[in-house]
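J.: Before anything else, here's the structure in question.
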Amino acid sequence: MKWTKLTLNTTTQALDYLGAIAMDLGLEGFEIEDNVPLTEEEKKRMFIDILPTLPPDDGSARVSFYVSEDTDTDRLLEDIKDAAKDYSDFCDFGEMTFAVGTTDDKDYINNWKKYFRSFRVNERLVIKPTWEEKAPMAGEGDTVIEIDPGTAFGTGAHETTKLCLLAMSEYLKKGDTCIDIGCGSGILSIASILFGAKYAFGFDVDDNASRISVENASVNKIPARYCEDLESCDIDGIEDRTILFATGNLLSSEDLPKSLEGHEFDFTAANILADIIIPLAPYARKLTKKGGYITCSGILTTKEDSVAKALEENGFEIVRTERMGEWSGITARAV
């Protein structure tokens, strides 16, 4: 099978914005080329003997997207450019010129795995890809999560997932119940159980993501079940120390799905995007117990205030805001 490769000439400061745009448009991944010098920490984590010599960093970058041959590339390019206009006041997107080519690489979507290695999130949590035999930095007492995200979002390496994991490690208590809105690879649901949650319920609009989440839970020796329709899930039937994953979209109706009516959780996680979190805020408040917590990420710093306002207007009190690069994580308490 051939793939169409779209390469965009842009700037390094636009990369996080383009990442958000790519996720919003349903693009499963992208490749970045730039000349940003490696940090000392990055050099230590490189798994090659001789580091590359880069030309001077001029602020330029190239982002490549891979899509199927039948994709309407002209429309996709226009959609990307139109979305970029929303952020043009905050960021220089550079040339925004494109080159279009083809590739025979049938396994391009798995090539990134050679760059995903074990890493430490904080003093108690280590993330390990399933294809590594062990995490070299993990010690006795560490919580180790094994992840193979497949085509779902969420390795734990991205700033947005890290922000949620850090908030969860601080605010989720043993015995809490957890709901994971937009579960991706299932990493936050899995982390909640390993941190001591009674049970977790995670769902995603992408059926592939919810199915991959079940597999990742199994790798971590956590019993998990799959429900193909959010409307028909048996929340009361979730057993202790297990996870139920489902497919569905809270925003498809003004009311909560019947399966979630009358159910409240101690801890709510939503690692999605700001433009989705904002309309989700009233649903999230209905699903979070009074005194319980919600942690949100996938929020570009330029939209931090808008998300905080939506949470506050729907019965949450902001207790923590943390930033990594261009991304923000917001944790709030239901009042």
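J.: Past 24 Å, Cα to Cα: identify those pairs from 162/303; 128/162; 134/173; 134/198; 198/286, in the order given. Mind dumping the intermediate values first?
T.: Numbers: 162/303 18 Å; 128/162 14 Å; 134/173 28 Å; 134/198 27 Å; 198/286 20 Å.
Flagged as over cut-off: 134/173; 134/198.
J.: Can you tell me the dipole magnitude for segment 183-243 around its Cα centre, using point charges on the Cβ only (Lys, Arg +1; Asp, Glu -1), in Debye to the nearest 20? Could you put the intermediate results ahead of the total?
T.: On the way: 5 positive and 11 negative charges, 90 e Å.
I would put it at about 440 debye.
J.: What's the extension gain from residue 99 to residue 130 if we count 0.36 nm per residue and subtract their Cα-Cα distance? Could the numbers behind the result be given before it?
T.: Details: separation 31, 0.36 × 31 = 11.16 nm, distance 3.49 nm.
Additional length available on full extension: 7.7 nm.
J.: What angle, in degrees between 0 and 90 and rounded to the nearest 10, separates the Cα long axis of helix 73-85 from the longest principal axis of the Cα atoms of the chain?
T.: 70 degrees
J.: If the elastic network links every pair of Cα atoms under 10 Å, which of 122, 314, 220 fluctuates the most in the Gaussian network model of the chain?
T.: Highest fluctuation among the options: 122.
J.: Restricting to Cα pairs below 8 Å that are 6+ residues apart, what does the relative contact order work out to for segment 173-269? Please round to a whole percent. Kindly include the intermediate steps, with their values, before the conclusion.
T.: Details: 207 pairs, mean separation 31.5, N = 97.
Taking the mean separation of contacting Cα pairs over the length of segment 173-269, I get 32 percent.
J.: Oh, and also: Using θ = phi - 60° and the Karplus curve 6.51 cos²θ - 1.76 cosθ + 1.60, what whole-Hz ³J(HN,Hα) does each residue of segment 218-223 get, with Gly and Pro shown as x?
T.: Going residue by residue, I get 4, 4, 8, 6, 10, x Hz, with x marking Gly and Pro.
J.: Let me ask something additional. Report Rg (one decimal) and Dmax (nearest whole number) for the chain, counting Cα atoms only, units Å.
T.: For the chain, the Cα radius of gyration and maximum Cα-Cα distance read 20.0, 59 Å.
J.: May I pose another question? Note the full-extension length gain between residue 71 and residue 256 as 0.36 nm times their separation in residues minus their Cα-Cα distance, in nm to one decimal. Present the calculation step by step, with values, prior to reporting the outcome.
T.: Numbers: separation 185, 0.36 × 185 = 66.60 nm, distance 3.44 nm.
Here the answer is 63.2 nm.
J.: Further question on the same structure: Based on the mean of other beta carbon atoms within 10 Å per residue, what is the order of 241-253, 176-188, most packed first? Intermediate values should be presented prior to the final figure.
T.: Working: 241-253: 18.9, 176-188: 26.8.
Most protected by this proxy first, the peptides run 176-188, 241-253.
J.: In whole percent, what relative contact order does segment 154-334 give with Cα contacts below 8 Å and a gap of six or more residues?
T.: On the way: 418 pairs, mean separation 38.7, N = 181.
With pairs under 8 Å counted, the relative contact order is 21 percent.
J.: Another one. Suppose a student asked you for the relative contact order of the chain, using Cα pairs under 8 Å spaced at least 6 residues apart; what percent would you report?
T.: Details: 674 pairs, mean separation 44.1, N = 335.
After rounding, I find 13 percent.
J.: If you take every residue apart from residue 143 with its C-beta less than 14 Å away from the C-beta of residue 143, what net charge results, scoring Lys and Arg +1 and Asp and Glu -1?
T.: Details: positive: 120, 124, 128, 174, 221; negative: 123, 140, 142, 146, 170.
Within the 14 Å Cβ shell, the charges total 0.
J.: If the chain between residue 232 and residue 57 were fully stretched, how many nm would it gain, using 0.36 nm times the residue separation less the Cα-Cα distance? Before the final figure, lay out the partial values.
T.: Numbers: separation 175, 0.36 × 175 = 63.00 nm, distance 5.32 nm.
Here the answer is 57.7 nm.
J.: Among 91-98, 16-23, how do they line up by average Cβ neighbours within 10 Å per residue, starting with the highest?
T.: On the way: 91-98: 14.6, 16-23: 20.9.
The densest-packed peptide leads the list: 16-23, 91-98.
Read the figures in this text as sums done on the coordinates, not as results from a lab. This structure is a prediction, so every number in the text was calculated from the model and none was measured. For neighbour counting, all protein chains shown are included, and Cβ atoms are generated from backbone atoms with ideal geometry for every residue, glycine included.
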